[in-house]
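> I'd like to ask some things about the structure below.
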Amino acid sequence: MMEKPVSVTEGLRYPRPKLAGIPKYMNVLWRSFNKKNIMLTLGIIFATFIILVAIFAPVLEPYDPTKMDLALKFIPPSAAHIFGTDNMGRDVLSRIIEGSRISLSTAFMVVIFSACIGTLVGMISGFWGGKVDMIFMRIVDVLLAFPTIIFALAISTVLGTGAINLVIAICCIQWTSYARVSRGEAILLKNAEYIEAAKAIGNNSLQIMFKYFLPNIVSKILILASLNIGSIILYCASLSFLGLGAQPPSPDWGAMISDGKEYMRYAPWMAIFPGLAIAASALTFNMLGDGVRDLLDPRMRDSVKTE
Amino acid sequence: MIKYIIKRMIIVFFVLWMVATLTFFTVHVTPGDTANAIIVSVYGEDAVSPETLENVRTKFDLKRPVFVQYTDWLKNVVTGELGTSYKYNKPVIDILKIRLPNTLILGFSAFLISIVISIPFGIISALNHNRPIDHFSRFSTLLLSSFPSFWIALLLIIIFSIQLKVLPVSGMAGFSSIILPAVTLSIGMTAATTRMLRSSMLDVLGQDYITVARAKGLEDNQVIFGHALRNAIPPIITVIGLQIGHIIGGAVIIENIFAWPGIGGLLIDSINTKDLPMIEGCVLIIAFGYAIVNLIVDITYSCIDPRIKYSGGDN
């Protein structure tokens with residue numbers, strides 16, 4: 001029997017950093033359709049649908065979402081107004097479609113900003129260690145002492161209401177979970193041989209963080225972000241329900257339910273349908289998150305959802 | 001073990017101090033004049049004039065430098081003196097003392113409901129892995145964790161209070177009035193705990209010592225409750241700790257909807273009326289409570305998990 005020829009240099013090469021760029025993920029996502037990852041498949045289909053609705057909102061709305069006509073108020077769901085009309089005679093369906101833009105974009109902004117800030121802080125903290133690490137981690141400890149909603153409420157009293165302030169308020173707490181994850185990964189990677197090699201060939205700290213750490217942390221961060229979107233949608237909705245989000249007349253799902261609360265005896269559809277929209281999008285992104293996690297890290301199945 | 005607890009206590013004290021500091025500066029750097037805010041919250045927009053502003057500044061000692069105000073405030077917090085509410089014109093601590101038990105009752109009921117539901121469901125789901133009941137439980141927990149709690153609250157009000165007229169819409173009068181708020185508040189935690197217990201049980205049931213326990217002829221009940229469940233509990237405690245934070249945050253919204261006279265409703269009211277000492281009091285008491293709950297969770301965890309017990313919690 002012939003032995004398989006062994007390359008002389010094989011065992012000597014440094015393990016290469018796994019480069020996990022976006023195109024590779026796209027490829028993996030496509031392959032998931034063949035596998036039995038139902039959550040991911042459904043998640044992708046529905047998420048695409050919801051995002052398309054938000055993008056093409058002006059084309060899809062049957063009526064002008066902000067046009068008031070008191071002659072048409074409180075019309076129950078019917079053929080002309082599928083989801084009925086509200087106390088100002090505005091079409092609820094049109095408002096839900098228009099509201100998807102604000103509600104989804106605030107949620108995405110929160111996730112993107114907190115992921116970027118958290119990853120950066122975590123990497124710096126884990127890489128440098130020592131005092132920098134201690135200071136950052138104490139800040140994280142203090143912020144985690146507040147339930148997200150409470151801290152966001154406190155921040156909102158300072159900044160005032162509005163969609164942008166809502167994003168800032170939620171980001172103030174949310175970045176901490178990304179920071180913890182990327183710090184943990186950075187500490188694990190810090191002593192890897194290829195990082196030593198990278199140092200030896202003269203990379204500076206910044207280069208090491210962005211060229212060698214980041215590609216290895218990305219997949220963990222992506223999992224966390226995709227699991228996070230669903231709950232962020234709910235946080236945004238809760239805060240705008242409390243009147244801290246986008247201000248009237250711009251339609252926002254949480255605020256629509258808050259308006260509907262006043263009329264739930266006579267016009268329950270005013271609160272029911274925007275709630276369904278929130279639930280459907282949160283469910284979609286939760287399925288997507290579960291699917292992405294199963295795909296990228298099967299060991300993390302059903303593990304703790306971060307706050 | 002003792003070393004670990006002491007270490008945790010020191011961190012908690014530090015966190016509490018920072019929380020107090022952060023709360024003070026967050027509320028006191030509010031854009032706009034504090035005196036102006038007081039007048040608006042007590043007498044309304046029209047009462048603002050140079051004289052009233054001057055009077056309020058003298059009355060509430062707002063002329064002192066911020067740092068002096070901070071140190072005085074910190075001393076007062078330590079002694080439990082949280083200032084006087086602008087709106088109620090009573091000591092904040094007195095109002096909090098009346099409101100806090102209501103929130104505790106609500107939170108504790110929600111906690112009990114979710115434990116009572118999630119533990120059996122988690123176990124059943126894990127024991128029937130990939131059978132219909134497991135799929136049902138997975139799907140329903142995913143569904144429930146996607147519903148906004150305030151929307152479920154409204155649906156329950158529409159069904160049980162408006163249509164069926166069996167439960168009161170809001171307020172706090174007798175046992176029937178706690179059902180809807182407590183059930184709504186428990187949903188998020190129930191879903192999360194069920195999911196976690198299911199996967200944790202599945203992990204444990206695949207371990208060798210479970211096979212050994214079965215092989216030496218133990219009955220199913222002994223294997224499940226004596227061996228599997230005990231080992232599946234630690235991750236559950238972490239989830240419960242996190243979920244208590246959700247319950248506290250959720251209480252703010254739920255109390256607001258059901259007009260439940262607790263801390264959460266008070267917080268929203270004070271934010272709307274810009275009642276600064278009241279906001280500070282509410283945020284402080286919530287953050288303190290949460291920090292203490294987390295401390296208890298960590299200590300419980302360390303009692304259960306020997307790895308922490310012996311390492312002194314360095315990891």
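The values are calculated or read from the model by the stated rules, or taken from the named source; none is laboratory data. Note that the structure is a prediction, hence the values are computed from the model and not measured. Cβ sites come from the backbone with ideal geometry, for glycine too, and all protein chains shown count toward neighbours.
> B:SER137 fails exactly one of the following numbered conditions: (1) within 20 Å of A:PHE241 (Cβ to Cβ); (2) over 22 Å from the mean Cα position of the chain (by Cα); (3) crowded, with 19+ Cβ neighbours inside 10 Å. What is the number of that condition?
(1)
> With surrounded by 24 or more Cβ atoms within 10 Å (Cβ to Cβ) and either in contact with a helix residue (DSSP H, G or I) (Cβ under 8 Å, 6 or more places away or on another chain) or within 9 Å of chain B (Cβ to nearest Cβ) (or both) as the only criterion, which of A:SER250, A:SER258, A:SER240, A:SER219 stands out?
From the options A:SER250, A:SER258, A:SER240, A:SER219, the qualifying one is A:SER240.
> Working carefully through the options B:GLY281, B:GLY264, B:GLY217, find the one that is in a loop (DSSP other than H, G, I, E, B) and farther than 25 Å from B:SER118 by Cα.
Matching residue, one of B:GLY281, B:GLY264, B:GLY217: B:GLY217.
> Additional query: Among the numbered criteria (1) in contact (Cβ under 8 Å) with a residue 12 or more places away in the chain; (2) surrounded by fewer than 20 Cβ atoms within 10 Å (Cβ to Cβ); (3) more than 21 Å from A:ASN286 (Cβ to Cβ), which single criterion is violated by A:PHE213?
(2)
Matching residues to (1) within 14 Å of chain B (Cβ to nearest Cβ); (2) at pLDDT 90 or above; (3) buried (at least 23 other Cβ atoms within 10 Å of the Cβ); (4) in a helix (DSSP H, G or I):
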| residue | (1), (2), (3), (4) |
| --- | --- |
| A:PHE108 | no, yes, no, yes |
| A:ILE170 | yes, yes, yes, yes |
| A:GLN174 | yes, yes, yes, yes |
| A:ILE195 | no, no, no, yes |
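Okay, residues lined up against (1) within 14 Å of another protein chain (Cβ to nearest Cβ); (2) surrounded by fewer than 22 Cβ atoms within 10 Å (Cβ to Cβ); (3) in a loop (DSSP other than H, G, I, E, B):
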residue	(1), (2), (3)
A:PRO77	no, yes, yes
A:MET123	no, no, no
A:PHE146	yes, no, yes
A:ARG180	yes, yes, no
A:GLY184	yes, yes, no
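> Let me ask something else about it. Can you find even one residue in the stretch B:237-244 that is surrounded by 17 or more Cβ atoms within 10 Å (Cβ to Cβ) and either away from chain A (no Cβ under 14 Å) or touching an Asp or Glu at 6+ places or on another chain (Cβ under 7 Å) (or both)?
yes
> From (1) more than 19 Å from A:PHE108 (Cβ to Cβ); (2) away from every other protein chain (no Cβ under 14 Å); (3) buried (at least 22 other Cβ atoms within 10 Å of the Cβ), pick out the condition that doesn't hold for A:ILE201.
(3)
> Can I ask one more? For A:ASN203, state whether it is outside any helix (DSSP H, G or I) and more than 30 Å from A:SER250 (Cα to Cα).
Considered against the rule, which asks whether it is outside any helix (DSSP H, G or I) and more than 30 Å from A:SER250 (Cα to Cα), A:ASN203 comes out as yes.
> OK, next. Does B:LEU53 qualify as being part of a helix (DSSP H, G or I), closer than 24 Å to B:CYS282 by Cβ and at pLDDT below 85?
No; evaluated as a whole, the condition is false for this residue.
> For A:THR157, indicate whether it is among the β-branched types (Val, Ile, Thr) and part of a helix (DSSP H, G or I).
Taking the combined requirement at face value, the residue satisfies it.
> What do you reckon, is B:THR190 of a type in the set (Ser, Thr, Tyr), within 14 Å of another protein chain (Cβ to nearest Cβ) and in contact with a helix residue (DSSP H, G or I) (Cβ under 6 Å, 6 or more places away or on another chain)?
yes
> Right, next: Name every residue in the stretch A:97-129 that is out of contact with any Phe, Trp or Tyr (no Cβ under 9 Å at 6 or more places or on another chain) and among the small types (Gly, Ala, Ser), in order of residue number.
A:SER105, A:GLY129
> Might you check whether a residue that is under 19 Å from the mean Cα position of the chain (by Cα) and within 29 Å of B:LEU180 (Cβ to Cβ) occurs anywhere in the stretch B:220-237?
yes
> Could you figure out which of (1) assigned to a loop (DSSP other than H, G, I, E, B); (2) of a type outside the set (A, V, I, L, M); (3) modelled with pLDDT of 90 or more isn't true of B:SER186?
(1)
> Something else: What are the pairs, 6+ residues apart or on separate chains, where a residue within the stretch B:84-111 that is closer than 13 Å to B:GLY281 by Cα has its Cβ under 7 Å from a residue that is hydroxyl-bearing (Ser, Thr, Tyr)?
The qualifying pairs are B:TYR86/B:SER41; B:LYS90/B:THR84; B:PRO91/B:THR84; B:VAL92/B:THR84; B:VAL92/B:SER85; B:ILE95/B:SER85; B:ILE95/B:TYR88.
> Condition first: under 27 Å from B:ILE233 (Cα atoms), at pLDDT below 80, outside any helix (DSSP H, G or I) and not assigned by TED's automatic domain parsing to the domain that holds B:GLN243. Can you find one or more residues in the stretch B:293-302 that meet it?
no
> Of the numbered conditions (1) part of a helix (DSSP H, G or I); (2) touching a Pro at 6+ places or on another chain (Cβ under 8 Å); (3) closer than 25 Å to B:PHE160 by Cα; (4) more than 7 Å from chain A (Cβ to nearest Cβ), B:ILE247 fails exactly one; give the number of that condition.
(2)
> One residue is enough: does the stretch A:286-301 have a residue meeting the conditions under 17 Å from B:SER149 (Cβ atoms) and modelled with pLDDT of 85 or more?
The answer is yes; a qualifying residue exists.
> May I pose another question? Find all pairs meeting these conditions: Cβ atoms under 9 angstrom apart; at least six residues apart or on different chains; first residue within the stretch B:124-151 and within 20 Å of A:LEU40 (Cβ to Cβ) and at the interface with chain A (Cβ under 7 Å from one of its Cβ atoms); second residue in a helix (DSSP H, G or I) and among the basic types (Lys, Arg).
Hits for this filter: B:LEU142/B:ARG195; B:SER145/B:ARG195.
> Is it fair to say A:GLY160 is within 13 Å of chain B (Cβ to nearest Cβ), free of Cβ contacts under 8 Å to residues at least 60 places away in the same chain and more than 18 Å from B:VAL19 (Cβ to Cβ)?
Criteria met by A:GLY160.
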